[in-house]
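Written below as structure tokens is the structure these notes are about.
What follows is calculated from the coordinates using simple rules that are stated; it is not laboratory data. These numbers were taken from a predicted model, which means no experiment stands behind them. Cβ sites come from the backbone with ideal geometry, for glycine too, and all protein chains shown count toward neighbours.
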Amino acid sequence: MDDWREFNSVIKSVHCNAKDTSHKINSLVDLAIKSENSAFIKAVLNLKENSSKIDGQKRFLWLTSTVNSKFYPPISISEASPLSWNENEYCVPGSEELQSRYSSRTALRNEGEYMGEIEQCQDVSDCSLVASLINLRSRNLELPPIKQISPNEYQVNLCFNGSSERLVTVDTSQIPTSVNGKQLSLRSKSISDKISELALLLVVQGTYSTDGSNISIDTYYLSGFLPEIIGIDSFSFEKLWKFFKSGLCLIGVGTGNRPNDLIEPLLANHDYSVVDIRHESGVIKLRDPSNSALNVEISYEQYLNNFKQLYLNWNHKKLFGYSQALHIRYDVTRYNKFAIISDKPLFHIVNNSKETETVWILLENHLSKEGRKKGRSISFINQARDCIIYPIEVPANKGTVHVGLQLMKLKLAPGAQTLLYCHSTTDNNFSIHLFSVVKEIFFQRLKDMNNLVAKVSFSHLYGMGKKTSFDTCSFFENPTFQLEVQSERDQHILMDVTCVSKSSQDFVNIQVYYLDDYELIKPIMFDNHYQPEQNIKQDVPILTNTKYIIVCSTYGPPVSSEFQLVASTRLSSPWRFKSSINLREINMAYGSYPYQCYDKFYCKETSKKFKILISLQNTKHTTNKLFIRVAPVESSAQLRIRCNVFEPASSLCVYECEHYRNCPPGGVVIPDLEISCIDTIVLMIERDMPISNKLATEGSMAGLELFVGSNQRAKIEKLK
């Protein structure tokens, strides 16, 4: 057995560590050469052959093998070593009451003389588990697979945490037993049913004190049959009868927490197996897992009036020829900052066949290190809209978002493609299983999304405590971003853009401009609405290989300190595979110049002119390029200004503006002003508005802000 212990240690190390483990495998091969155990030799050679084929997805399955502090590797019982991976492979009673009533520990008894059907132990609340076994046995299905490895130890392959071959070892020598010999175990003439119950209770609960489940979930764990949980009125009697007769699925029903109007002998919060449906008489025959002698026959009307949930488990091996699986870690700090589709893990499906194909998707929550999580966490997978900047949506069948297993059914036309997204309210591991009739279904996680979406997260720095909405002259001080879609050739395309806040109390707006629209006077698709939490602008027409700017603003001081700007195209856009979306934050106040000067000036209301001296580091043989932006401290519809630039020595006009202008959202801008051979210029700012003889104070209409960007150092000061 020492050789097998070494084998378990090495196979775990090989699968769980990305480092080179070839020396450990070679040592194991040396042991195999000396061994006379054919099973051990075969297992070592198989490990050596497959060790180079271990990818990230296989390693993920091994790394997510721990549940309730026990390790359940993804190994078939036909390939597993005859040793347990854990200590204490048995369930404890759980509650103090069960502990006192079942105080002894004895070996599990084989009730070969028992003549009844499978029946639930009255002290174990696992009616759904027992009902699942009843359904499996009624179809002569010997699942889950079981192998005996010692007089009191059995290996079982259960389906959980992304694998249909989770290896569970159960020790049947420590079954809680009462003084009169009654054991905490279901009743059955087959010991395999008792072992199956023990294995599943061990994994999910670790005790006999269960917190409830349902038939679909437990049948999935026992057999891997795909679970579908839907409303009781989802199918007609005719449809139910066809499902039952097809042999493609197992059927169960649950009363749920219905009021006390159930017909006798039905119980509330109880699951029942559907063991027959008779088309001629319209009768549905149920088996009560808690009473093997009780078969309940009801009409379809009674079925509708007394039950809440319909549980189906589909035999995927009969329905489909191919399956694929992807495994992910969902981190809420990464994926739940903003509740929009593009911020979630995305999965791409393409039908490459020439026929319309049915595709089923199963989202499986992994059991955590603490087993089945308590509480009402939410997780789901859903089909994304074509526009992926929209908020996420709960699936139509909301009843499955709390149970940890969700089945989605899709029909894809030839060549069709779609995106799915995953959402969870808690950190967890997930497996996404895809089932199809043909192998021409392409399925992958979308990781490289440069041709589909670009995102920038930012903190909204509200401009100096003043209003900066688009109806002010300080609008340009809002967070600003440069957008460019690069492609092989210039072409007109449509983009979707959104700005989203973490707070629903923020009213958000986005505007898109050409890069050279420095004064922000010609927005593309102008929208004057501020929307709570998120503002969406769809189908914005732009030209590839051309730069644009996007300005994000809130109507008042922001509540949240976290925002995100997202620009995306559509999955169906034919040009996206030959393009990339580039989005970055820029400071547009000073243009794109490296040297920046800022000052704020005030003067008497009686004065209509500001004269600002700008000192440059020019020589006779150099040229300085300037970007000048002038904006009033407070916006006013009455204020009109004009700006001119002079050479002080000769009074030569370097830049001339004859007409007064209303101040636009980006202020008055003089872009790309070239100054050669002189080291000083004078900026004259003239105002045209009613005046008074009061002394201006900060915040008055006479206050102006000046932003100067340059490619060489510059200095600004006000002239008297």
Contour minus Cα-Cα distance for Glu113 and Thr546 (0.36 nm per residue) | 147.6 nm
What does the charge add up to near Asp171, with Lys and Arg as +1, Asp and Glu as -1, over the other residues with Cβ less than 11 Å from its Cβ?
-> -2
For a label point 7 Å from the Cα of Ile521 along Cα→C-beta, name the residues of segment 660-684 whose backbone N is under 14 Å from it.
-> 660-671
Selection from Pro574, Ile550, Thr498 lying farthest towards where the dipole of segment 453-586 points positive, charges on Cβ = Pro574
When Lys and Arg each count +1 and Asp and Glu each count -1, what net charge do the other residues less than 13 Å away from Leu184, Cβ to Cβ, add up to?
-> +2
Using θ = phi - 60° and Karplus 6.51 cos²θ - 1.76 cosθ + 1.60, couplings along segment 446-456 (whole Hz; Gly, Pro as x) = 8, 10, 7, 10, 4, 8, 10, 8, 9, 9, 9
Helix by helix, which DSSP H runs in the chain go 15 Å or more along their axis at the Cα atoms and have an average Kyte-Doolittle hydropathy of -1.0 or more?
-> 2-16, 22-34, 38-50, 127-138, 191-204
With +1 at each Lys and Arg Cβ and -1 at each Asp and Glu Cβ, the charge dipole magnitude of the chain around its Cα centre, to the nearest 20 debye, comes out at 1240 debye
Taking the mean number of other Cβ atoms within 10 Å as a proxy for protection, how do you rank 400-407, 607-614 from highest to lowest?
-> 400-407, 607-614
Residues with amide H under 5 Å from that of Gly556, placed H, sequence gap 5 or more | Phe507
Going by how many other beta carbons lie within 10 Å of each one, how would you line up Glu87, Glu111, fewest first?
-> Glu87, Glu111
Within segment 500-537: backbone nitrogen closer than 20 Å to the Gln482 label point (7 Å, Cα to C-beta) = 511-524
Taking R0 as 35 Å and r as the Cβ-Cβ distance between Ile263 and Val350, the FRET efficiency 1/(1 + (r/R0)^6), rounded to the nearest 0.05, comes to 0.10
Asserting the computed 222 nm helical MRE of the chain (DSSP H runs at least 4 long, -39500 (n - 2.57) per run, divided by residue count, to nearest 500) equals -4500 deg cm²/dmol
Residue by residue through segment 416-423, which ³J(HN,Hα) values in whole Hz follow from phi under the Karplus form 6.51 cos²θ - 1.76 cosθ + 1.60 (θ = phi - 60°), with glycine and proline marked x?
-> 6, 9, 8, 10, 10, 10, 10, 9
For Lys34, the lysines lying under 29 Å Cα to Cα, once residues fewer than eight places off in the same chain are dropped, come out as Lys12, Lys19, Lys24, Lys42, Lys48, Lys53, Lys147
Given the Cα-Cα distance of Lys189 and Lys718 and 0.36 nm per residue of separation, how much length would full extension add, in nm?
-> 180.4 nm
For volume of the Cα convex hull per residue in Å³, the choices are [x] 236; [y] 180; [z] 258; which was calculated from the structure?
-> [x]
How big is the gap, in Å, between the Cα center of segment 102-178 and the Cα center of segment 49-64?
-> 30 Å
Length added when fully stretched, Gln596-Leu83, from 0.36 nm per residue minus Cα-Cα = 177.5 nm
At the level of C-alpha centres, the distance separating segment 311-338 and segment 542-613, in angstrom, is 41 Å
Considering the options Asn50, Leu683, Tyr114, tell which one lies farthest towards the positive end of the dipole of the chain, charges being +1 on Lys and Arg and -1 on Asp and Glu at the Cβ, about the Cα centre.
-> Leu683
Would you tally the net charge around Asn313, using a Cβ to Cβ cut-off of less than 11 Å, leaving Asn313 out, and scoring K and R as +1, D and E as -1?
-> -1
